[in-house]
Amino acid sequence: TAGQETRAVDLSTIPSDIIGSIEVIKALTPDRDADAFGGAINLVTRSAFDLPGRSLNGKVEYRYNNLRRDDGYALSLNYSDVVNQARTLGITASLSYSDERYAQNDYEIAYFDKAIAPVNTIPGITNQAISEFDQRFRHINKESFGGNLNFDYKVGDFTQVYAKLFHNGSDTEANRFRLRQRGFAALAATSTDLRATGAEARITRRHDRIQTARTNDRIAVGGKTRRPARTLDYEVN
């Protein structure tokens with residue numbers, strides 16, 4: 001987000017290793033929140049019953065940013081198993097950590113109002129003149145930590161209940177360096193005379209240091225009961 005309150009979710013703070021499936025709901029159905037404005041995307045964490053047996057896997061990554069000439073790393077560990085002999089209790093746990101250091105380089109150009117005549121008749125100048133030019137360079141350090149713990153329990157042949165714990169947090173520090181050139185004069189369409197001289201022209205250099213902390217915590221208890229004619233879902237979170 002751009003520092004304002006929105007419905008947007010920063011998906012980069014959610015580790016992909018803890019996701020078992022993704023549900024996409026294209027329209028507002030009766031079982032959804034009344035204040036939803038359309039479709040929804042539901043990220044479903046893994047269940048031990050999704051796998052045929054015990055699973056333990058991990059991953060270590062080395063990351064290098066060529067623009068900044070700096071490096072970072074990431075690691076994750078996932079465990080899943082049905083722990084009792086009756087195969088009714090499943091446990092899934094995941095941990096992830098990442099430390100990224102990267103850079104961004106971008107430009108932004110503003111042109112004079114279209115009401116001003118273009119300068120197509122001047123050799124070498126083909127369209128509207130530039131009124132403002134920004135050059136930005138960002139140094140970004142982002143540290144993220146996430147984990148989840150799921151308990152799934154089968155009650156008979158038709159009901160399965162669960163308890164899910166989820167935590168994720170990220171700390172981001174960004175340094176933005178901006179060079180702005182503003183107040184360029186526009187050229188007349190039929191000559192090299194300037195429409196305005198440099199009374200408004202200015203060149204500014206600015207440095208912004210931005211720190212952002214995000215935390216997502218969720219506790220959910222619920223279940224699903226299947227019958228031949230219907231399925232009942234329930235959850236408190």
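Structure data summary
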| item | result |
| --- | --- |
| Ordering of 84-90, 228-234 by packing [mean C-beta count within 10 Å, highest first] | 84-90, 228-234 |
| Protection proxy ranking of 98-111, 165-178, 51-64, 142-155 - average other beta-carbon atoms within 10 Å, highest first | 142-155, 165-178, 98-111, 51-64 |
| In sequence order, calculated HN-Hα J values of the range 24-34 (Karplus, 6.51, -1.76, 1.60; Hz; x Gly/Pro) | 10, 10, 7, 9, 6, 9, x, 8, 9, 4, 5 |
| Packing-based ranking, highest mean first, of 23-30, 68-75 given that Cβ atoms within 10 Å are counted | 68-75, 23-30 |
| HN-Hα J in Hz across the range 81-92 - Karplus 6.51, -1.76, 1.60, θ = phi - 60°, x for Gly and Pro | 6, 9, 8, 10, 5, 6, 6, 10, 10, x, 10, 10 |
| Carbon plus sulfur fraction of accessible area for the range 15-98, probe 1.4 Å, in percent | 55 percent |
| Heavy-atom surface of the range 19-106, accessible at 1.4 Å and reported per residue (Å²) | 68 Å² |
| FRET efficiency for R32 and S55, using Cβ-Cβ distance with R0 set to 25 Å, rounded to 0.05 | 0.20 |
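The values are calculated or read from the model by the stated rules, or taken from the named source; none is laboratory data. It should be emphasised that the depicted structure is a prediction, and the values quoted were computed from it without experimental measurement. With ideal geometry, Cβ positions are generated from the backbone for all residues, glycine too; neighbour counts draw on all protein chains shown. Calculation scope for accessible area: heavy atoms of the full protein, side chains included, ligands and nucleic acids excluded. Shrake-Rupley method; radii C 1.70, N 1.55, O 1.52, S 1.80 Å.
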